[in-house]
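Read through the structure below, which is laid out as structure tokens, and then see the notes.
The values are calculated or read from the model by the stated rules, or taken from the named source; none is laboratory data. If you're wondering where the values come from, they're calculated on a predicted model, not measured in any experiment. When we count neighbours, we look across all protein chains shown, and the Cβ atoms used for this are built from the backbone with ideal geometry, even at glycine.
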Amino acid sequence: MRVVILSTDPGITFGGPKGAAVHLAEVAGALANRGAAVLLLVAGIAPAAEPPAGVTLERLPGPDKATATKRLLGQETLRRWLELRLREFRADALYERLALHSSAGALAAARLVIPYLVELNAPLPIEAATYRRLDEPDAADRLERETLAAADRVFAVSRPLAVYARWRGAADVEVMPNAVAIDRFPERHSLAAGASGDVPGRPPRAIFLGSLRPWHGIETIARAWEMLGPTAPELIVIGDGPGRERLAAVGATTIGSVDHLDVPGLLAQADIGLAPYAPDAPAYFSPLKLFEYLASGLAVVAGALPGVTDVVTPEAAWLIPPGDAVALADGVRTLAADPILRSALGRAGRALVLEQHTWDIRAARVVEVIAAFAGAEPTTAHPLVGLGA
């Protein structure tokens, strides 16, 4: 099977620190490990970035960080280039991470009559308009609708996003949450560290991983640590953003952004993983950090967003109302004082991801869907055939 993975988003640089870049690499690597020949086409590549084994990595044509208007004007050129490159690669399917202001992938797949799968990670026009700035809003709205309607299958990373995809015109939608490459995260409970997996003689540590943006619950963590006062466990923060000073003010050790390859080692130095989110955090999140905490065997305290409660149970994580600093402080206080409970949550969480939430499991499902579409006879004309001369 020969699969092309496409990301036209100029804000996602392969090899960069963003979770989206990690996601791209993990999906591509898992498909290659499943025996697929994978061509990964991206808008930008970080210096010295290397693709996973078995993956061919190429940069899309066009200028770096092009404006939305320029991207729209270049869609036909990009469509022609994609169609040629997919033919050269002899692609059996195109798997695209949905981006703003682009329908070139949908058009190219339609002309080649190959299965077209779309990965949906956020309601992009809404998210951009809410948190950043949405240029060319009418075009963004139209192209998202057309692309979702054209997809043979939309993989939405959470249940709220599946509802959104159908509302936007997708006919065939499947929830496929994020996952983790569990082989990169050692089994802490098999180490010579006592029954709980803790390092003997060291007090328990809490850790937060991710960008320090308000919606991730930075203020919630800070307020909880203020409530805990002198009894608060050591707090390690991996990531950067506008909340860094706020966390440093309550005693956190702030490391900043790190290479994703360094994440397993850093998580192994902690005992409690934090993902509290803010009271108004978007319901559609499927947090990568959650799966990495669970794979590391951490006792996780997480805000009960749908993308969290749909993948974990109270036996595998300590769930709190998003943004509830009192509940977060209570959970951290209880877990810090109870190594047996930490161990139970950690073991259950790792077992859960091993059974249900690895990238290998996700890749197996993608391969299965592609094979099913490839073996089916087309019954109607593709909705985008004839568009874009």
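At-a-glance table
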{"quantity": "Total residues in the stretch 231-281, condition more than 20 Å from VAL180 (Cβ to Cβ) and of a type in the set (Ser, Thr, Tyr)", "calculated": "3"}
{"quantity": "Unmet criterion (only one of (1) out of contact with any strand residue (DSSP E or B) (no Cβ under 8 Å at 6 or more places or on another chain); (2) modelled with pLDDT under 95; (3) part of a helix (DSSP H, G or I)) for PRO378", "calculated": "(3)"}
{"quantity": "Members of the stretch 89-118 found to be in a loop (DSSP other than H, G, I, E, B) and over 25 Å from the mean Cα position of the chain (by Cα), listed by number", "calculated": "ARG90, VAL113, ILE114"}
{"quantity": "Test: residue in the stretch 42-60 that is under 25 Å from ALA110 (Cα atoms), over 23 Å from the mean Cα position of the chain (by Cα) and surrounded by fewer than 17 Cβ atoms within 10 Å (Cβ to Cβ)", "calculated": "no"}
{"quantity": "Test set (1) out of contact with any strand residue (DSSP E or B) (no Cβ under 7 Å at 6 or more places or on another chain); (2) under 21 Å from VAL38 (Cβ atoms) - LEU94 fails condition number", "calculated": "(1)"}
{"quantity": "Some residue of the stretch 79-88 being part of a strand (DSSP E or B) and out of contact with any helix residue (DSSP H, G or I) (no Cβ under 6 Å at 6 or more places or on another chain)", "calculated": "no"}
{"quantity": "First in the stretch 151-175 and at positive phi, second anywhere and modelled with pLDDT of 95 or more and not aromatic (Phe, Trp, Tyr), Cβ under 7 Å, 6 or more apart", "calculated": "GLY169/ARG145; GLY169/LEU148; GLY169/ALA149"}
{"quantity": "Test: ALA30 is in contact with a Phe, Trp or Tyr (Cβ under 6 Å, 6 or more places away or on another chain), crowded, with 16+ Cβ neighbours inside 10 Å and modelled with pLDDT of 95 or more", "calculated": "yes"}
